[in-house]
């Protein structure tokens, strides 16, 4: 099995070490496509017929890394594309492990765990408070301290920090079907491509060991350090574009029902309407088994549920805001999503409708996502992570009439490993 390793570079300082890690591979059928940018020169030590140096056209010199990677992959002919950055390394068995995974699982996309190291030998481990797990791995006479990748789902794909990292491997046919990296992206090009790969229905496979060594440069020349503000902004833009399709694709992959509360009219395609008009009385215990629903949509619904007047919420049936949130939690699977949109008290919409009987703003969701507030309402049994909570006007018409909405995308916490801070 032949691999095409691709590496755009504008700085060849550590390229010889990258090459030496390729020479050490126990699987030897590979080519290395190196794209030189910004006047970079190939070190003389890299004299190998398996190295294909690709010069870029002058018009491409000022384009971002997305364009360079796309150009590099256009010159690859191996069955699988392996991304290796110009200052990083593969562990000696990386390609062999990848080849074995391909033979056994036939995936479209492969990723592994990675170790981030400094020149003094120290390893950078990501914070446990963000859900990260760590382990030690011996390779020859070296011991690596490794960050364990998260399972691939909508939660891990919602932010670049938790999405599949190096090593990243695409089947060539899958890469071409996706039309490769977005040439317009100067940062977050890989994150965007990983999201699109998942949304395409491609088969993912995680190799649960360290195959990749990521160098943290003391000169601050890592892209994520030099362009951190730009990355933060662009990754949020990419996340906002894909998050709901990612949730829906996760449900599809796991054969999970998507429920639309109060959805007798306007129920989105692929959702099951839960409404009295559809024979489902949400004022009683819901007719869904515990941990059976992947996604619940509550648009223009919560404001029609009366507030609970009893902090213990002991009355039956549980038709109040606390009771409904408890039912939402009960029926969601671990990691299941609540996607809500509700007129906010910070605008006129919350109060203008005579049928509204509960009132919401971003702080209202604290009682379900933060222990500091949750403790004062002992009737709350649900525990959620506030994945995204924000406010905006849904349209120019809403803006013109001062009708502001609060949006809350919450993830049910039921013992699963969850990316990001959980406050409850």
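Computed values, structure above
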| item | result |
| --- | --- |
| Complete set of residues in the range 34-72 that are assigned to a loop (DSSP other than H, G, I, E, B) and within 19 Å of residue 186 (Cβ to Cβ) | 37, 38, 39, 40, 56, 57, 61, 62, 63, 64 |
| Residues being without any contact (Cβ under 8 Å) to a residue 24 or more places away in the chain and in a loop (DSSP other than H, G, I, E, B) - total across the range 394-424 | 1 |
| Residues within the range 289-303 that are in contact with a helix residue (DSSP H, G or I) (Cβ under 8 Å, 6 or more places away or on another chain) and either part of a strand (DSSP E or B) or surrounded by 14 or more Cβ atoms within 10 Å (Cβ to Cβ) (or both), tallied | 9 |
| Of all residues in the range 153-162 being in contact with a helix residue (DSSP H, G or I) (Cβ under 8 Å, 6 or more places away or on another chain) and not in a loop (DSSP other than H, G, I, E, B), the one that is surrounded by the most Cβ atoms within 10 Å (Cβ to Cβ) | 157 |
| Test: residue in the range 33-43 that is within 15 Å of residue 73 (Cα to Cα), in contact with a helix residue (DSSP H, G or I) (Cβ under 6 Å, 6 or more places away or on another chain) and at pLDDT 90 or above | yes |
| Sole residue being at pLDDT 90 or above, assigned to a loop (DSSP other than H, G, I, E, B) and touching a helix residue (DSSP H, G or I) at 6+ places or on another chain (Cβ under 7 Å), chosen from 75, 27 | 27 |
| Options 308, 320, 357; residue that is out of contact with any helix residue (DSSP H, G or I) (no Cβ under 8 Å at 6 or more places or on another chain) and either in contact (Cβ under 8 Å) with a residue 40 or more places away in the chain or surrounded by 15 or more Cβ atoms within 10 Å (Cβ to Cβ) (or both) | 320 |
| Identity of the residue in the range 124-146, part of a loop (DSSP other than H, G, I, E, B) and within 30 Å of residue 424 (Cα to Cα), that ends up farthest from the chain's Cα centre (by Cα) | 125 |
| Selection from the range 376-393 of residues that are out of contact with any helix residue (DSSP H, G or I) (no Cβ under 6 Å at 6 or more places or on another chain) and in a loop (DSSP other than H, G, I, E, B) | 376, 378, 383 |
| Qualifying residues in the range 231-282 (those that are assigned to a loop (DSSP other than H, G, I, E, B) and in contact with a helix residue (DSSP H, G or I) (Cβ under 8 Å, 6 or more places away or on another chain)) - the one surrounded by the most Cβ atoms within 10 Å (Cβ to Cβ) | 262 |
| Every residue from the range 163-181 that is crowded, with 20+ Cβ neighbours inside 10 Å, on the phi < 0 side of the Ramachandran plot and either in contact with a helix residue (DSSP H, G or I) (Cβ under 8 Å, 6 or more places away or on another chain) or part of a loop (DSSP other than H, G, I, E, B) (or both) | 163, 164, 165, 166, 167, 168, 169, 170, 175, 181 |
| Flag for residue 286 being part of a loop (DSSP other than H, G, I, E, B), under 23 Å from residue 154 (Cβ atoms) and in contact with a strand residue (DSSP E or B) (Cβ under 9 Å, 6 or more places away or on another chain) | yes |
| Any hit, the range 100-123, residues being assigned to a helix (DSSP H, G or I) and exposed (fewer than 12 other Cβ atoms within 10 Å of the Cβ) | yes |
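The values are calculated or read from the model by the stated rules, or taken from the named source; none is laboratory data. As the structure is a computational prediction, the values presented were derived from the model and not from experiment. Because the Cβ atoms are built from the backbone with ideal geometry, glycine has one as well, and the counts that use them run over all protein chains shown.
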